[in-house]
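Structure first, commentary second.
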Amino acid sequence: MSESNANTQHSFGLPDACQIRLAQDDDLTAITDIYNQAVATGGSSADTTVQNIQQRSVWLHSHAPREQYPVIVVEEAGEKIAFASFSRFHPRPGYDADVELSYYVDASHRGRGLGSALVRWGLHTARELRYDKLITVIFADNRASMSLMKRFNFTQYGLLPQAAADSHGVHHDVAYWYQPLN
């Protein structure tokens, strides 16, 4: 995925002042801050402690090759307000036709349609990259993300009871969703 393809061909329903672009190392502070909001709040990440920039740098650079596993940021007036990524669904090569979408929105910018735009970006980009399935793994009590999956016609294919704990020690059921792309 080229830098130009990340943001110029589609708005994905973003608010007018927003743009999507590929994440770079200088985005790590914002990515870390946004992610740590989710970790600290609980209910949307299985990380049990906040992450530092070095940990997020390892995470960012694990998305390789970046053309197959992009990480993007949403910017508004120079402020990074959300990010999303594709990750390998499973390390065994037989799963390479499937990709996992993750997305996080800054708490002060939620409720503006950014999550929907990131799911649209994920669906479009996964098709563009010729994946067979787009997969998400979500805490089943995360109403906003569960609602997004339903709205975009993903199919829930599994529910793993009490599978993951968050930073508050609360155990959550984990829902597995997918959408076929062909």
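The values are calculated or read from the model by the stated rules, or taken from the named source; none is laboratory data. Given the structure is predicted, the values throughout are model-derived calculations rather than measurements. Please note: Cβ atoms are built from the backbone with ideal geometry, for glycine as well, and neighbour counts cover all protein chains shown. Quick note on the areas: whole protein, heavy atoms, side chains included, nothing else; ligands and nucleic acids left out. Shrake-Rupley method; radii C 1.70, N 1.55, O 1.52, S 1.80 Å.
Of all residues being hydroxyl-bearing (Ser, Thr, Tyr) and under 21 Å from residue 163 (Cα atoms) in the range 20-41, which is least open to solvent (accessible area, probe 1.4 Å)? Just the residue, please. Outline the logic, then answer.
Kept after step one, since they are hydroxyl-bearing (Ser, Thr, Tyr), are these residues of the range 20-41: 29, 32, 35, 41.
Now drop any that are not under 21 Å from residue 163 (Cα atoms), which leaves 35, 41.
Numbers: 35: 16, 41: 94 Å².
Result: 35.
Consider the range 90-111 and keep the residues that are of a type in the set (Gly, Ala, Ser) and within 17 Å of residue 176 (Cα to Cα). The one that is farthest from the chain's Cα centre (by Cα) is 97.
Scanning the range 137-182 for residues that are part of a helix (DSSP H, G or I) and open to solvent by 60 Å² or more (accessible area, probe 1.4 Å), we see that the one that is farthest from residue 121 (Cα to Cα) is 143.
For the range 142-161, a residue qualifies if it is free of Cβ contacts under 8 Å to residues at least 12 places away in the same chain and among the hydroxyl-bearing types (Ser, Thr, Tyr), and exactly one does: 147. Of everything in the range 121-136 that is open to solvent by less than 20 Å² (accessible area, probe 1.4 Å) and not β-branched (Val, Ile, Thr), the residue that is nearest to residue 76 (Cα to Cα) is 121.
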